[in-house]
1. About the Cα centre of the chain, how large is the charge dipole given +1 on each Lys and Arg Cβ and -1 on each Asp and Glu Cβ? Please answer in debye to the nearest 20.
2. If you keep only loop residues by DSSP, which trypsin sites (Lys or Arg not before Pro) in segment 58-111 have at most 16 other Cβ atoms within 10 Å of their Cβ?
3. Only Cα pairs under 8 Å and at least 6 apart count here; give the relative contact order of the chain as a rounded whole percent.
4. Could you tell me what percent of the accessible area of the chain is made up of carbon and sulfur, with a 1.4 Å probe and every protein chain present?
5. Please identify, among PHE55, PHE227, PHE122, the residue showing maximal mean-square fluctuation in a Gaussian network model of the chain using a 10 angstrom Cα cutoff.
6. According to the Cα gyration tensor, what semi-axes, each the square root of 5 times an eigenvalue, does the equivalent ellipsoid of segment 316-355 have, listed from largest to smallest in whole Å?
7. Per residue of segment 104-116, what does 6.51 cos²θ - 1.76 cosθ + 1.60 with θ = phi - 60° give for ³J(HN,Hα)? Whole Hz please, x for Gly and Pro, Karplus curve as stated.
8. Please compute the Kirkwood hydrodynamic radius over segment 320-426, one decimal place, Å, based on all pairs of different Cα atoms.
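The values are calculated or read from the model by the stated rules, or taken from the named source; none is laboratory data. Note that this is a predicted model, so its numbers are computed, not measured. For neighbour counting, all protein chains shown are included, and Cβ atoms are generated from backbone atoms with ideal geometry for every residue, glycine included. For accessibility, only protein heavy atoms count, side chains too; no ligands or nucleic acids. Shrake-Rupley method; radii C 1.70, N 1.55, O 1.52, S 1.80 Å.
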Amino acid sequence: MSSDATPEQIAAIKGFWDKNTHLLLSAGAGSGKTFTLIQSVSYGIRKGYAESDIFLITFTRKAAAEMRERLKKNGISTGFAGTIHSLAYKIIRESNPGKKYQIITNPETIFKQLIMEKFSRFSHIPPEYILRALDDVNAHSFLQEYQFHKEKNNALDFEDMVSLVAQMDSSLLKDYQNKIIFIDEYQDTSPDQVAMLKKLNPRKLFAVGDAKQSIYQFRGANLENFFRFNQEFPNSGRLKLTANFRSQKRIVSFANAFIKRSSSADKIRLVATKKKLEKPVIFHSNTSALQENIRMMLGNGTTRTASSTLPATILVRTNYLVKSIETRIREKKLENRFSVMTIHKAKGLEFDHVILFGVSPQFFPHPNGYPEEEDRIFYVAVTRAKEHLEMYAWPDENGKESRFLPVITRFARNQYLSHTTDKKGK
């Protein structure tokens, strides 16, 4: 076992094999969860468990690639290491060797096509929010059309694959049952994914997750799976990782203070291991005009302190904002030292300097979002920052401000921007 492991990490690395059949590890942001998981795999192999009996499951291809790379560096070759959807597809192919499927990797693309062809009256609704925005009758009709599209094209989306495995006869799953399964991001599992795990009947199950970072409810994730782990998988234990090795102390304190107000999050607080640097800063704009706020944000280097010397990553709530900012950068031929991405894309990543742009009722929290999930998305955004965090907020055209602002203004340094003049606040 690595000598770098902390007492919390050692308890998880060894405890899974020595004490419990199953384990749920609540791993806070920046707490070294992947390191802990890999070290636990290595520890189990040294105890005599076969590499071929160990499965590692993630939820994104990027995370799966990182996991495989870390295993390779440790000289480990497990029976499976990949996404839960790739495992489901592998099982489906082997149980139906002569059948070929078209795989839908992005249902929103099909949703957009259906909206244009059959539901044009709802064209103002972004495809990813269409089902949430429709009433029951229209949502049912929309889902029927989506199902017809899949049947006509012999197509499966990711959740179809998981559901098929969950419903399979156990006799078709013998090669995949009674394995030792490690699964990451358990807070974002759907009911079907948990049903698939139960159908695989693992000999041992190590689930890692963080209730405060559950941000995929719009794709079917159910946070209750996280809290019901001990009921779903009896003879299981719970441990936690609280030490944050990523962010400076004032960012950790800010993140703790923000998420404390959300009733859906667990009560585990992050513990900072890095020294204090400058406080997170919130820039308040007095205009609701998006283009003006983008202009001020991109040209705001003179009001920053030490953070202005670091490469900045701009995080936003929606793809619309990504496109708007990138268009402005291209049109003005600005020297692009910024990268721009949605908060969902930034999940699992970390950056020296984060600019969180768009704290406004128009964008964040998202007007069509689930309120408590929007809290968690904000928490994910701020915990990407290692050294410096700045945020940009503005009211809507009626003067209404984001409901996030009261807690932000209390725990961050406030500065005020005007589209005619800039003035510093305290």
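1. That gives a dipole near 1420 debye.
2. The qualifying sites are LYS99, LYS100.
3. 17
4. Answer for the chain is 49 percent, counting heavy atoms of protein chains only.
5. PHE122
6. Listed largest to smallest, the semi-axes of segment 316-355 are 19, 13, 6 Å.
7. Couplings: 8, 8, 9, x, 4, 5, 5, 4, 4, 5, 5, 4, 5 Hz.
8. After inverting the pairwise mean of 1/r, the radius is 15.2 Å.
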